[in-house]
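The block underneath contains the structure these notes are about, expressed in structure tokens.
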Amino acid sequence: MNNGKRSRFLFTVTCFGMAFLYIPMIMLIVYSFNYSKIVPVWGGFSTRWYTVLFESEVVWKSVILSLKVATVNAFFATIIGTLAGLALVRFGRFKGRTLFSGMITAPLVMPEVITGLSLLLMFITLKELFGWPDKRGFTTITIAHITFSMAFVAVIIQSRLAGMAQDLEEAAQDLGAKPFRVLTDITLPLLAPGMLAGWLLAFTMSLDDLIIASFVSGPGAVTLPMLIYSRVRVGLRPDINALATIIILVVATGVLIAAWIMFRQQKQRQLELQMSDED
Amino acid sequence: MPDPSNYTDRPWMDPEAEPFIKVQSVSKHFGDFTAVDNVDLEIYKGELFSLLGGSGCGKTTLLRMLAGFETPSSGYIFIDGVNMNDVPPYERPINMMFQSYALFPHMNVEKNVAYGLRRDGIAGDEINQRVDDMLAMVELTQFRKRKPHQLSGGQRQRVALARALVKQPKVLLLDEPLAALDKRLRENTQFELMNIQDQLGVTFVVVTHDQEEAMTLSTRIAVMDAGRFMQIGTPTEIYEFPESRLVANFIGSANMFQGRITENGPDHVIVQCKQPDCEFYIDHGVSIQEGNKVWVAVRPEKITISSEASDYNGNNCIKGIVHDIGYLGKLSTYRVKTADETLIDVTSPNLARPKDGNLAMDWDDEVYLSWEASSAVVLTK
Ligand SMILES: Nc1ncnc2c1ncn2[C@@H]1O[C@H](COP(=O)(O)OP(=O)(O)OP(=O)(O)O)[C@@H](O)[C@H]1O
Ligand SMILES: [Mg+2]
């Protein structure tokens, strides 16, 4: 009885929570298929806003810019983040390790406004001093994105490495593998799932970012979130609904893949743990 | 003058022989904890040297220093005359089997075993041949395509063993190599280890918890405690002439009685004990003053138990009653209580079949325990 009551209560709360989270998104998706030009008025089903979207050069330009930034960012963030993670976990207690480890996690908690502002300041100073970057846009946004997303990659890699027994690398060395071979034969293959998850995370975070990009971007370089934000500031627009729907789809796919990789990794680790427990 | 021809089996007796592994006053500290405390060790070519000791006494740490994963905090390690202190693990002529096995989870059994050979740049055909032979030896041929997590504990252990053995290094370090194997496989593998040692002249350093294994396998045994060697010697020496109570208790079991030396002759000593209240006559001299506190150790199987009094010089004989009996098939163990409540363990072979299902001795029987003057050992620490 009591149990039944409680579970009904939990069920209600869960439903409310879910509704709160997803009704806005579902509305967005539904209204993106609205024929009417005035968003809240239902004028019948149509895909005309998708057509409008695909015919808009500005939208295409920003999509391409965003994807380019996200891809390049994910690539470099994964490499640098992995190296940072390796340095933190595997190279013993080098001088300044604690400072380094603290500094690498700082961007995770720093307000984005601050990160964006400081990066903008840096770019302006650099331009004063060296004449580079002469024009803010793709390069500056990418650099800015790398600085914060590599921190996330480093954290993922760090936790993966900490869970990975060091004796595997020692065993490889013992069997005659030089340190570089150990890295390519043992460490990196075992880190691959973590790196892939890191890549996806860096990619989606870059795609998501509005604030930092707005700070460090220059005239003419408009990322997708910037475009959306600037357009809806003057009122809801059905073509932006269509655009948002597409983004939701892409991001959801990315998150699902990343979650799946993490899940598999978790299972693998449990198996390894079981292995060592049996003995 | 000892016979020089004996040296082939016992190189450590040969004053001319050069040790193959030489550990020279090596210590290892972790912070302010001392895991290995100023040890010296010489291991000769072709030996099967066992490290025995309780958990946490520093066995793995010592092996890891030999393999090059830990640098000694002080001291030197020489292998084949070369100072190893600055030689990285991948250049040492040593392979190690890890206590945790450390199998590569992303490679199957075959690739795990072949990994070391690949790194040495050996031709593909030869690699295949040697991997096949090795897998056949450890009876894993049908599992060659499996990943480590698809194997049982004992199978994984065999993969680890095969991976270390296949490279035929000059020195093999084995950290508890046979712990997870069943009796038959363990005996086969022991036999195979001895074979490999014979054929290839590999020098083995084996860590084990299993003293029986150490006794049957080793040329010499080192008993470790708290980072130090308590005693190094052949299995017989360690068993028959332990130098301390710790060693006597660690290898086999022993009855230990505290007492004082009342007579110290060149060829015998007499020790007066309080519990049990009797004099022990021991036929080897000790270099210790009369009146000093010592311990007398007598192994349970060296004590004769009988229901009639017998006499060895009037000493080394105690009366008691049977307190407990354990029937172990080949042997029985008796726990005998003397008049002053001391408990003495005795093992005695069951030669005849128990009559009417009864053993020769029964609970609360009055019995006499006796042993020869050569069976007891005087220990000073
Ligand atoms: N990296 C380390 N840092 C600090 N202490 C350590 C480290 N490695 C080992 N020790 C300590 O050194 C001691 C010896 O460890 P070691 O692994 O050599 O023991 P062992 O004799 O192999 O024990 P077991 O039989 O349980 O394997 C232990 O007390 C252990 O806690
Ligand atoms: Mg150990």
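Every number here is computed from the coordinates shown, using simple stated rules; none is lab data. All figures in this text were calculated on a predicted structure; none of them were measured in a lab. Every residue, glycine as well, gets a Cβ built from its backbone with ideal geometry; the counts of neighbours run over all protein chains shown.
Picking from B:Ile321, A:Ile211, B:Trp363, whose Cα lies most toward the positive end of the charge dipole for the protein assembly as shown (charges on Cβ: Lys, Arg +1; Asp, Glu -1)? Toward the positive end, the furthest listed residue is A:Ile211. Each of the peptides B:97-104, B:362-369, B:21-28 was scored by the mean count of other Cβ atoms within 10 Å over its residues; in descending order, highest first, they stand as B:97-104, B:21-28, B:362-369. In plain terms, the residue of B:Asp267, A:Asp208 with the fewest other Cβ atoms within 10 Å comes first and the most crowded comes last, giving B:Asp267, A:Asp208.
A simple count of charges around B:Gly201, restricted to other residues whose Cβ falls under 14 Å of its Cβ and scoring Lys, Arg +1 and Asp, Glu -1, yields -2.
Simple rule: put +1 on each Lys or Arg Cβ and -1 on each Asp or Glu Cβ in region B:197-277, find the dipole, and look at B:Ile221, B:Gly201, B:Ile270; the Cα lying farthest toward the positive end is B:Ile270. Over 32 Å apart at the Cα level, from the set B:Lys111/B:Lys183; B:Lys147/B:Lys183; A:Lys267/B:Lys111; B:Lys167/B:Lys381; A:Lys178/B:Lys183, are B:Lys167/B:Lys381; A:Lys178/B:Lys183.
Under 15 Å of direct C-alpha separation, and excluding same-chain neighbours fewer than eight residues apart, B:Lys330 reaches these aspartates and glutamates: B:Glu301.
Highest mean first, the peptides A:100-113, A:215-228, B:152-165 sorted by other C-beta atoms within 10 Å per residue fall in the order B:152-165, A:215-228, A:100-113. Taking the Cα centre of the protein assembly as shown as reference, the dipole from Cβ charges on Lys and Arg (+1) and Asp and Glu (-1) amounts to some 5080 debye.
Stokes-Einstein, applied to the Kirkwood radius of region B:81-235 over Cα pairs at a viscosity of 1.567 mPa s and 4 °C, places its translational diffusion at 79 µm² s⁻¹. Rounded to the nearest 20 debye, the dipole magnitude of region A:30-120 is 440 debye, with +1 charges on Lys and Arg beta carbons, -1 on Asp and Glu beta carbons, and the Cα centre as origin. For region A:146-229, the spread of Cα positions along the three principal axes, ordered from largest to smallest, is 57, 21, 15 Å. Once the C-beta distance of A:Leu83 and A:Ser46 is scaled by a Förster radius of 35 Å, the resulting FRET efficiency is 0.10 to the nearest 0.05. The mean number of partner chain beta-carbon atoms within 10 angstrom of a residue's beta-carbon across peptide A:156-166 is 1. Taking the number of Cβ atoms within 10 Å of each Cβ as an exposure proxy, the fewest-first ranking of B:Thr338, B:Thr236 is B:Thr236, B:Thr338. Within the shell of other residues whose beta carbon sits under 14 angstrom from the beta carbon of B:Trp12, the net charge comes to -4, with Lys and Arg scored +1 and Asp and Glu -1.
Between B:His149 and A:Ala192, how high is the FRET efficiency from 1/(1 + (r/R0)^6) when r is the Cβ-Cβ distance and R₀ = 22 Å? Nearest 0.05. About 0.85, to the nearest 0.05.
Convex hull volume of the Cα atoms of the protein assembly as shown, normalised per residue: 296 Å³.
Counted over all Cα-Cα pairs of region A:16-169, pairs farther apart than 18 Å make up 73 percent. P(r) tail for chain B: Cα pairs beyond 41 Å make up 27% of the total. Calculated FRET efficiency, A:Leu117 to B:Val87, Cβ-Cβ distance, R0 = 51 Å: about 0.45 to the nearest 0.05.
Residues A:Tyr22, A:Tyr31, B:Tyr115 in ascending order of nearby Cβ atoms (within 10 Å, fewest first): A:Tyr22, A:Tyr31, B:Tyr115. Remark on chain A: hydrodynamic radius 22.0 angstrom, per the Kirkwood mean of 1/r across alpha carbon pairs.
What shape does region B:235-324 have by the C-alpha gyration tensor, where a ≥ b ≥ c are the square roots of the eigenvalues, rounded means a/c under 1.5, and otherwise prolate means a/b greater than b/c and oblate the rest? Because a/c hits 1.5 or more and a/b fails to exceed b/c, region B:235-324 counts as oblate.
With K and R counted +1 and D and E -1, the other residues having a Cβ less than 14 Å from that of B:Val39 yield a net charge of 0.
Each Lys and Arg Cβ is given +1 and each Asp and Glu Cβ -1; about its Cα centre, chain B then shows a dipole of about 1840 debye. In the calculated pair-distance distribution of region B:149-286, the portion above 25 angstrom amounts to 45 percent of the Cα-Cα pairs.
Looking only at other chains, what is the average number of their beta-carbon atoms within 10 angstrom of each beta-carbon in B:101-112?
Counting other chains' Cβ atoms within 10 Å and averaging over B:101-112 gives 4.
The residue among A:Leu191, A:Leu227, A:Pro111 whose Cα reaches farthest toward the positive pole of the charge dipole of region A:110-241, with charges on the beta-carbon of Lys, Arg, Asp and Glu, is A:Leu227.
Looking only at other chains, what is the average number of their beta-carbon atoms within 10 angstrom of each beta-carbon in B:40-47?
Per-residue shielding by partner chains comes out at 0.
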